[in-house]
Amino acid sequence: MFYPSKSVNPFILLFAAILGACEPTALQIGSVELCDYFTRNGNCEEPVAKNKKYQVKIPNNKRPQTWEDLANYLYFHARETPGFVIRANRNFTPEERKRLKESYFAMYDFAGERGKMEGLEIGENWIGSFNYLGSMIKEKLKKENRLKQYPYESGLFPADLEFSWSSALFSGALKTRIDFVYNVLPPETK
């Protein structure tokens, strides 16, 4: 048992003990979840299993004739947004939150085409990142000079998709594989 000497002020010991007790546990990533839609509160409304198959129905009057048409439809109408949510083991301190806002970024590698993730949200103990599938398709096929070709899904899918993130506090990566098919709906009859 420890007995302080008469020269040590007991209030100093109490203050030191309180300071030590206020130190938060080390910040770590608790989990990472593939998620196609998360709310502003960090709730994943569309959790995704690895190897997801996107299935999109397109009205007959918007039938894509090129990859560019399809990519634009996916961006503006279907709004498919592959992404992920990182959950920390505890709430961020104000200093950690500031450092994350200054340093965090996320990237994607879609079938060999790298780019920066478009969407970002930082919550109390989570970070969500997403990108539009239409944007990823468009960037890849633009570089391959295939945007004006007819969109045969088998010419691009299934495709590997890797997300990576980095910040002053942590970094990591998550791999998945996605497939895609679209169906054109029959014309409406009057």
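The values are calculated or read from the model by the stated rules, or taken from the named source; none is laboratory data. Since the model is a prediction, treat every value here as computed from it, not as a measurement. Every residue, glycine as well, gets a Cβ built from its backbone with ideal geometry; the counts of neighbours run over all protein chains shown. For the accessible areas, the whole protein counts, side chains as well, though only heavy atoms, and no ligand, DNA or RNA atoms are used. Shrake-Rupley method; radii C 1.70, N 1.55, O 1.52, S 1.80 Å.
Rolling a 1.4 angstrom probe over the protein heavy atoms with all chains in place gives the chain an accessible area of 61 Å² per residue. As a rough guide to protection, the peptides 31-38, 145-152 ranked by mean Cβ packing within 10 Å, highest first, stand as 31-38, 145-152.
Packing order of peptides 71-79, 98-106, highest average first: 71-79, 98-106 (average count of other Cβ atoms within 10 Å over each peptide's residues). Consider the candidate values (1) 15.7; (2) 17.5; (3) 10.7; state which one is mean projected area of the Cα convex hull in nm² computed from the structure displayed. Recomputing mean projected area of the Cα convex hull in nm² here gives the entry labelled (1). Less than 5 angstrom separates the built amide H of Asn89 from those of Gln28, Gly30, all sequence-distant by 5 or more or on a different chain. Name the most mobile residue of Gly112, Gly42, Gly134, meaning the one with the largest mean-square fluctuation, in a Gaussian network model of the chain with Cα contacts below 10 Å. So, out of Gly112, Gly42, Gly134, the one fluctuating most is Gly112. Between Glu95 and His77, the simple spin-label model (points 7 angstrom out along Cα→Cβ) gives 5.2 nm. The label point for Asp160 and the one for Gln65, both projected 7 Å from the Cα toward the Cβ, are 3.6 nm apart.
Find the centroid of the Cα atoms in the range 32-57 and in the range 75-102, then give the distance between the two in whole Å. With the range 32-57 and the range 75-102 each reduced to a Cα centre, they are spaced 14 Å.
To put it simply, the accessible area of the chain at a 1.4 Å probe is 51 percent carbon and sulfur. Under 5 Å between amide hydrogens, built in the peptide plane, is the criterion, and for Val184 it picks out Ile58 among residues at least 5 positions away or on other chains.
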